[in-house]
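Heads up, the thing below is written out as structure tokens.
What follows draws every value from the coordinates through simple rules; no lab data is involved. No experiment lies behind these values; they were computed from the predicted model shown. Cβ atoms come from the backbone with ideal geometry, glycine included; neighbour counts cover every protein chain shown.
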Amino acid sequence: MNKLDRLFGGKKPIIAMVHLNPLPGSPLYDSQAGVAGIVEAARRDLKALQAADVDAVMFGNENDRPYELSVDTASTATMAYVIGQLRAEIQKPFGVNVLWDPMATVALAAATGASFVREIFTGTYASDMGPWTPNAGAAMRYRDRLGRSDLAMLFNVSAEFADSLDRRSLADRARSAVFSSIPDAVLVSGAITGEAAEMSALESVKAVLPNTPVFANTGVRHNTVTDILKLADGCIVGSSLKVDGDTWKPVDPERAKEFMRIVKAARA
């Protein structure tokens with residue numbers, strides 16, 4: 001049994017995003033609301049997502065634009081503080097993602113007791129943030145040095161805001177990542193946050209990885225989730241659950257409930 005089966009009992013999970021408000025040091029940070037404002041906004045979204053009965057939540061710093069490949073220590077520390085403030089209220093398995101820093105992501109998971117992480121761990125990219133070459137070997141060894149060999153690693157193999165400099169097909173890159181780095185799941189994304197991956201891309205990756213969980217990572221919507229779950233082993237969803245489907249707005253409790261109603265019907 002893989003780590004995700006242990007977490008989710010073999011069903012195709014829906015992991016919903018808690019997008020934290022901009023963190024201290026980022027250009028969009030609201031110093032008037034302060035860290036307390038970040039905690040309260042995250043609490044509101046967490047409550048709405050859990051009431052909708054999503055299978056898991058993931059805390060991420062999506063609002064820390066422009067993104068960095070090596071984040072400020074304050075970002076990771078603030079995320080740990082916010083999750084710590086909410087820890088007693090988290091009723092679902094949770095994960096973390098510090099964009100776009102694998103080492104910070106693993107460190108945050110170790111500090112907070114997260115069950116899984118999502119990041120770009122493999123590949124070489126030309127990106128909005130400059131040349132991008134993550135190191136899966138370092139991240140996996142760091143995980144184990146921190147005593148978290150149980151931590152599930154979700155590898156995004158189609159980086160947002162970037163183009164792979166590796167000319168192999170997405171399917172070949174995904175197959176190679178599984179062989180060389182042993183992720184617990186592979187994620188397929190669209191070009192940017194909130195944009196769907198092509199179904200053909202998802203299909204091609206799943207075809208070469210029949211024994212590895214493959215998730216749709218971006219742009220999953222109410223009117224597409226049923227078809228996506230026929231192919232994918234799970235989904236990560238953020239924008240579709242927000243007010244007006246807008247990434248930068250709060251979670252809409254009714255949209256989240258309707259999304260999960262559709263999911264449960266599809267899984268049945």
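Given the Cα-Cα distance of Asp72 and Asn2 and 0.36 nm per residue of separation, how much length would full extension add, in nm?
On the way: separation 70, 0.36 × 70 = 25.20 nm, distance 3.31 nm.
Fully extending the segment from Asp72 to Asn2 adds 21.9 nm.
For segment 134-259, what is the convex hull volume of its Cα atoms per residue in Å³? Intermediate results must be reported in sequence, preceding the final value.
Details: hull volume 16.1 nm³, N = 126.
Each residue corresponds to 128 Å³ of Cα convex hull volume.
Where both partners of a DSSP beta bridge lie in segment 33-153, what percent of those bridges are antiparallel, to the nearest 5?
Numbers: 3 of 11 bridges.
Beta bridges within segment 33-153, antiparallel portion: roughly 25 percent.
What's the FRET efficiency of Ile192 with Ala88 using the Cβ-Cβ distance as r and R₀ = 41 Å, to the nearest 0.05? If you can, show how the numbers build up before the last one.
Details: r = 34 Å, r/R0 = 0.84.
It comes out at approximately 0.75.
If packing is taken as the mean number of other Cβ atoms within 10 Å per residue, what is the order of 180-189, 257-266, highest first? Display every interim value, and only then the final one.
On the way: 180-189: 21.0, 257-266: 16.7.
Order by mean packing, descending: 180-189, 257-266.
Give me Rg/Rg_expected for the chain, where Rg uses Cα atoms only and Rg_expected = 2.2 N^0.38 Å with N residues.
Against the compact-globule rule of thumb, the ratio is 0.93.
Student exercise: in the chain, how many lysine pairs 8 or more apart or on different chains have Cα atoms under 20 Å apart?
Final tally of qualifying lysine pairs is 27.
For a quick check: sort Trp132, Trp100, Trp248 by the number of other beta carbons within 10 angstrom, fewest at the front. Intermediate results must be reported in sequence, preceding the final value.
On the way: Trp132 20, Trp100 26, Trp248 15.
Arranged by neighbour count, lowest to highest, Trp132, Trp100, Trp248 become Trp248, Trp132, Trp100.
Classify segment 1-133 as rounded, prolate or oblate, taking a ≥ b ≥ c as the square roots of the eigenvalues of its Cα gyration tensor: rounded when a/c is under 1.5, otherwise prolate if a/b is larger than b/c and oblate if not.
On the way: a/c = 1.95, a/b = 1.13, b/c = 1.72.
Oblate shape, in that a/c is at least 1.5 and b/c is the bigger or equal ratio.
One-quarter of the Cα convex hull surface for segment 189-239, in nm²?
Working: hull surface 12.7 nm².
That works out to 3.2 nm².
Restricting the count to DSSP beta bridges whose residues both fall in segment 3-263, what percent are antiparallel, rounded to a multiple of 5? Walk me through the intermediate numbers first.
Numbers: 7 of 33 bridges.
In segment 3-263, approximately 20 percent of DSSP beta bridges are antiparallel ones.
Give, as ranges by residue number, the residues of segment 18-41 whose backbone N falls under 16 Å from the point 7 Å along Cα→Cβ of Trp248.
Answer for segment 18-41: 19-23, 26-31.
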